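The values are calculated or read from the model by the stated rules, or taken from the named source; none is laboratory data. The structure presented is a predicted model; accordingly, all values stated were derived computationally and were not measured. Quick reminder, even Gly has a Cβ in these numbers, built from the backbone with ideal geometry, and neighbours come from all protein chains shown.
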Amino acid sequence: MSSGGAQLSMMRQVLAERAEARLSDAALRLLVEQAAEVLLLVDVTGRVLVFNAEAGRQFRIAAPSRVEQGELPGCVWVRAEDGATPLDVSPLTRALAGEPVFEERWGLRRPDGTVVVLRGGVFPVSPEGGLAPEGVFLRAREEVPARLDATRAATLLAEAGALLGAELDAEARLEPLLRLMVPTLADAGVFFLGPAGEAVRAAAAVHAEPARHVAMVEMLHRYPPDAADARGLPSMALSGRTERVACLTQAQQEDVARDEEHARLLLLLGLTSYLGVPLVARGRVLGALALFRTEGAPGFGEDDEQLAEELARRVALSLDNARLLSEAREAVRLRDEFLGIASHELKTPLTPLHLKVQLLQKQVEVLAAHGKPVSAERVSETLEVVQRQVRKLTSLVDNLLDVSRITAGRLKLELEEMDLASVAAEILYRFAPAAAQHHCSLEMHAPVPVLGRWDRLRLEQVVTNLLSNALKYGAGQPVRLTVEAEGRTARLIVEDGGIGISAQDLPRIFERFERAVSDRHYGGLGLGLYITRQIVEAFGGSVTATSEVGRGSTFVLELPRGDIPEEWLSVTEPLA
């Protein structure tokens, strides 16, 4: 009985020890799986004995059965400082050779192309008293750069505000501002400028690594941004929405590249994550701030996004204020220039007007003193000069009033049926004396009536402006006027053989107070063509100009003929 009791007691002890061992194994496995560090145990044959969940998360591979020559399946050990350069010997291989690896940093390029930086050690595992290791044990954790805490973020915002406020030319501050953000907030950054629908350009670019900075500047120079390309980063950011790409893969970068060389330069930058923030001021997109991080850095988080958006908001307001200041200065310059020109132009007819009236007054006084009457011929001559100068003054004042109406949106049109060819012929007849004075011959080609619905007064004003412009700048050369129709479009063409307009001046001749020649030699307020364009556009038409210096200019006016009967479109009878 005592022998049976002893056996039972021994069985209970053995069972208890086995249960304790199983519990210890289970607890150990649980601790390994829940560890916040990468834990990897490999025997000398390369068989993987332990591969915890954190290892799977960091290496982004399933638990492998074996490790060949110290390399994990699909992964490459690289330098932590340069994710493009592989290590000569992997830490696992060194430990298997019996060399303990204490607290080092390595990079690991994962199968998806991203790089993680690990800090840890690899230790040979040997049996008690043994010399040759039977395996190696790796423990490591991801090296995460210190987060941008509230104090550093506030400091960055304060320094950015001081930088933007120190210079009226906000665009000149963009590169120094990027150097505040890099590497505090990102490893690389680019400011793209260009309102939506317009050409986009890289205004400033900075990379934390000098060699890669040179490559980035070269890439942006050789491959300028194209907002029309939906694949490009500027297009993404200029959409007006913040965009964040946590993992910028090699495939994504190759997809936005325009050719192999572009892809090479892009991949050379080592970009792994992207944050694009639009620069928006007063509801208008002015450009974008593109920030990037490189190998070993975590992706951008919500805090980073909020900080970047606040920085972008301040930059956008600074740029917009600089634009408004520039426009205000330009407006003041134009105003002062216009006042000077207007004063001169208004004084020009007033001077002979004053002299003629003063002369007539003296003549009347002298003749009256001798009891003689004033001759009707002298009075008529003076009144003719007065009338001519008053017409010039009236024209100048009318132009100013028209500009005021156009600016206020009060330009009204009273439409009626008329023939454009007849209107042009009448204006041409009025200009015959002026053409003779300028030694110009006037020619007109209008074989058929061109009927439509327009405002006669404004139409006459347009034709008058174009003809007077041709006579002024084409003195001594013939001026030709053509009227024709094409379906529901009427066309009037005014050609002169005068001094012409240079290519750089041509785009601005229809702007207010603009002129392509010296006002000293040709005079005028610089309003005629501006008013012409505004009236034509009010009709729903267009006016364009082509010119070559020394070979004259051609102005083409196209007007919709309005709601007219179909039979008007087939008028073929020549003018009487």
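Computed quantities for the displayed model
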quantity	calculated
Restricting the range 429-443 to residues that are assigned to a loop (DSSP other than H, G, I, E, B) and either in contact with a Pro (Cβ under 9 Å, 6 or more places away or on another chain) or surrounded by 13 or more Cβ atoms within 10 Å (Cβ to Cβ) (or both), the residue that is modelled with the lowest pLDDT	His438
Residues being under 18 Å from Ala316 (Cα atoms) and either surrounded by fewer than 19 Cβ atoms within 10 Å (Cβ to Cβ) or modelled with pLDDT of 85 or more (or both) - total across the range 237-289	20
Answer residue from the range 508-552, given it is in contact with a Leu (Cβ under 8 Å, 6 or more places away or on another chain), assigned to a loop (DSSP other than H, G, I, E, B) and modelled with pLDDT of 60 or more and is surrounded by the fewest Cβ atoms within 10 Å (Cβ to Cβ) among those	Gly540
Verdict on Ala446 being at pLDDT 85 or above and either over 23 Å from Leu529 (Cβ atoms) or touching a Gly at 6+ places or on another chain (Cβ under 7 Å) (or both)	no
Test result for Thr489, among the hydroxyl-bearing types (Ser, Thr, Tyr), over 38 Å from the mean Cα position of the chain (by Cα) and modelled with pLDDT of 90 or more	no
In the range 256-314, the residues that are of a type in the set (Val, Ile, Thr) and farther than 17 Å from Leu180 by Cβ	Val256, Thr272, Val280, Val285, Thr294
Extreme residue, nearest to Thr249 (Cα to Cα), among residues of the range 296-311 that are under 22 Å from the mean Cα position of the chain (by Cα) and among the acidic types (Asp, Glu)	Glu305
Residue count for the range 53-79, restricted to those that are within 20 Å of Glu103 (Cβ to Cβ) and surrounded by fewer than 20 Cβ atoms within 10 Å (Cβ to Cβ)	2
Residue count, the range 104-129 (criterion: acidic (Asp, Glu) and under 17 Å from Arg60 (Cα atoms))	1
Residue identified as modelled with pLDDT of 90 or more and either β-branched (Val, Ile, Thr) or more than 40 Å from the chain's Cα centre (by Cα) (or both) among Pro124, Pro100, Pro91	Pro91
Condition check for Gln58: on the phi > 0 side of the Ramachandran plot and polar (S, T, N, Q)	no
Lone unmet requirement of (1) touching a strand residue (DSSP E or B) at 6+ places or on another chain (Cβ under 6 Å); (2) under 30 Å from Gly83 (Cβ atoms); (3) not β-branched (Val, Ile, Thr) for Asp303	(1)
Whichever residue in the range 462-507 is among the small types (Gly, Ala, Ser) and within 21 Å of Gln534 (Cα to Cα) and, among such residues, is surrounded by the fewest Cβ atoms within 10 Å (Cβ to Cβ)	Ser468
